[in-house]
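The values are calculated or read from the model by the stated rules, or taken from the named source; none is laboratory data. The structure displayed is predicted, hence computed values, not measured ones. Glycine gets a Cβ as well: all are built from the backbone with ideal geometry, and neighbour counts include every protein chain shown.
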Amino acid sequence: MPPKAKNMGSLGKAIIRDRFKGRRPVEGDTTKIRHTTDIDDGPSWSKLHSVTQEGDLDAFLRTAELAGTEFTAERLNVKIISTSQSAANPFLLTADKEKALLQKHETHKERLTVPRRPYWTKETTRDQLHYQEQDAFLTWRRGLAQLEDTEGLLLTPFERNLEVWKQLWRVIERSSLIVQIVDARHPLFFRSTDLEKYVKEVDPNKVNLLLVNKADMLTENQRAHWAAYFEKNNIPFTFFSAKKAAEVEVDSDVTELEDLPHPATHVYSAPELIARLKSRCPVQHMEHASKGSTGKTEHRFTIGLVGYPNVGKSSTINALLGAKKVAVGATPGKTKHFQTLFLDDETLLCDCPGLVFPSFATTTAEMVCNGVLPIDQLREYRGPAGLVAQRIPKWVLEATYGITIHIRPLEEGGTGVPTADELLVAYAVARGFTRSGQGNPDESRAARYVLKDYVNGKLLYNQPPPTGLNDESVSGETFNQELYDPHMVAEKTQHLVELPNGEYVIKAAASHRQKATAVTSTKVVSLDTKFFNNGQNLAHAPKTTGKFSAGVFTRNQLYPHQQRVGSDGHALNSASVPSGTAAPAQGKKHHKKGKKNIKQRSGKGYDDF
């Protein structure tokens with residue numbers, strides 16, 4: 001047989017050459033220009049992608065690409081500049097940014113005003129007054145909007161309903177003493193300095209008083225710092241606790257009490273506060289008391305109570321009256337119209353609806369933690385939860401809730417302070433809050449519980465004054481150091497226990513519990529007990545008795561369920577498994593005979609019968 005030709009397959013090569021004919025450029029031919037679509041600059045789908053919004057980095061790279069600028073990456077030694085940015089919360093400010101923002105607030109604080117009621121006379125008609133009020137109110141709102149837009153400042157969600165501000169105007173006009181109630185944990189945030197100016201503009205004889213409610217949350221030293229600040233700035237103030245006053249039964253006659261001198265840090269009781277309010281009422285208004293038809297003086301004192309929602313206006317009135325006369329609610333806006341209540345024969349109280357005055361705020365998280373924004377309507381929870389984790393020490397959170405918060409180590413970029421996710425995950429796992437589906441911890445639900453505990457005072461943090469004793473500024477950590485004493489924390493929680501040697505340990509930690517899952521049904525429990533209980537393992541060798549038990553028997557161990565391990569960690573074999581661990585027989589043996597009422601073929605022939 002002749003040998004095969006070496007040059008074979010020429011037909012296939014000819015077809016391939018014909019296919020790519022004309023693709024290779026001719027050398028020296030400069031007349032042809034390559035089309036722009038032939039440039040290999042990425043897949044075609046990326047060119048048709050619509051770009052409507054770009055970040056700073058994307059815009060910079062796209063501009064550089066259009067300009068023809070190329071950037072070459074160089075491999076250099078890695079150097080960590082800052083470890084705090086890796087775990088920074090994007091919804092919170094750094095210390096430097098917060099300090100600069102507070103200085104900016106101090107510069108523009110005079111522009112935070114309350115709407116004034118236009119001047120009117122007896123000749124002013126109703127329609128004219130209504131038009132003037134609306135025009136003045138729109139001018140006031142326009143000024144605050146310009147402050148936000150031009151200066152880039154964040155304001156509290158102040159009241160935008162003119163009818164609510166009209167209630168404030170009526171309370172100021174009727175009252176001779178205007179009591180502004182603030183929260184003791186952050187008095188300057190809830191205080192409106194322009195309101196005090198407006199009271200003097202209405203009548204110079206009217207008097208302002210700052211009632212620092214919830215003063216029982218402050219220590220003696222903290223009240224001393226705030227008292228020094230108020231006295232230095234000529235701010236008349238009084239410490240009071242509506243919750244504490246409501247718990248104490250008053251048996252003495254209020255009318256016989258006098259405003260006795262007390263220390264500046266004294267927390268007034270309900271009778272003492274009534275005497276204090278009467279003593280602060282201006283004398284001129286006392287002399288011009290109205291008289292009824294009987295010629296008897298109707299009332300001598302008219303006291304107006306104003307302030308933010310949830311600072312305790314209604315609770316203060318209830319404590320003064322000794323009975324619940326005013327509805328109390330956690331949602332802002334419980335009191336819709338101003339109410340007049342007679343404290344006694346000569347004292348009239350005017351309760352104004354809760355008003356959110358224009359005030360500066362650093363972040364939205366601060367407004368949530370101060371109780372200005374409702375927690376139940378909260379969508380973004382990582383900012384407020386991160387602020388709580390920064391203010392409350394880690395061990396206090398663990399002792400309060402009986403949980404263990406696992407944080408990132410310092411060598412891995414951690415800061416030693418729990419993040420919002422680390423706190424909420426630990427709380428959700430301990431309480432069994434899981435999402436439907438995969439069963440991951442429900443951080444949003446846990447955030448609502450933690451934030452409500454912070455607003456209600458279970459997690460306590462008090463803001464320090466700008467200047468305290470000896471005109472020195474105090475940091476928040478130093479100001480609240482006394483609150484976080486282990487002895488004081490142990491009195492509020494059962495998870496922090498004192499040992500005989502004087503040390504404190506956190507017991508009943510959630511880390512010792514099992515993983516939080518849904519409630520297990522009875523069928524699941526019985527199934528798990530049947531297949532995973534160590535007391536009912538099947539032996540590798542069949543249970544035999546008599547002369548057949550001496551032989552050695554082994555089974556195939558290819559299946560995973562046959563490769564079992566004992567409680568000591570060693571593999572179980574036929575010798576290590578006791579004979580008593582075999583599964584007990586479920587009843588007696590039954591022989592299935594089948595159905596007897598149908599014809600069955602035995603397979604036997606006729607000769608076998």
Failed criterion for GLU477 (all others in (1) over 23 Å from the mean Cα position of the chain (by Cα); (2) outside any loop (DSSP other than H, G, I, E, B) hold): (1)
Conditions (1) under 30 Å from the mean Cα position of the chain (by Cα); (2) at pLDDT 90 or above: number failed by SER175: (1)
Of all residues making up segment 118-140, the number that are touching a residue at least 24 places away in the same chain (Cβ under 8 Å) and either charged (D, E, K, R) or in a loop (DSSP other than H, G, I, E, B) (or both): 1
Single residue of VAL417, VAL429 found to be assigned to a loop (DSSP other than H, G, I, E, B) and among the hydrophobic types (A, V, I, L, M, F, W, C): VAL417
The listed residue being outside any loop (DSSP other than H, G, I, E, B), within 26 Å of the chain's Cα centre (by Cα), among the small types (Gly, Ala, Ser) and modelled with pLDDT of 90 or more, out of ALA385, ALA365: ALA385
TYR484 vs. criteria assigned by TED's automatic domain parsing to the domain that holds GLU380, within 22 Å of ASN310 (Cβ to Cβ) and not acidic (Asp, Glu): no
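Determine, yes or no, whether VAL250 is at pLDDT 90 or above, assigned by TED's automatic domain parsing to the domain that holds SER175 and either over 30 Å from TRP165 (Cβ atoms) or touching a Lys or Arg at 6+ places or on another chain (Cβ under 7 Å) (or both).
no
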Residue tally, condition in a loop (DSSP other than H, G, I, E, B), in contact with a Lys or Arg (Cβ under 7 Å, 6 or more places away or on another chain) and buried (at least 20 other Cβ atoms within 10 Å of the Cβ), over segment 340-353: 1
Residue in segment 121-138 that is closer than 30 Å to LEU102 by Cβ, surrounded by 13 or more Cβ atoms within 10 Å (Cβ to Cβ) and polar (S, T, N, Q) present: no
Some residue of segment 409-416 being of a type in the set (D, E, K, R), crowded, with 19+ Cβ neighbours inside 10 Å and not assigned by TED's automatic domain parsing to the domain that holds VAL179: no
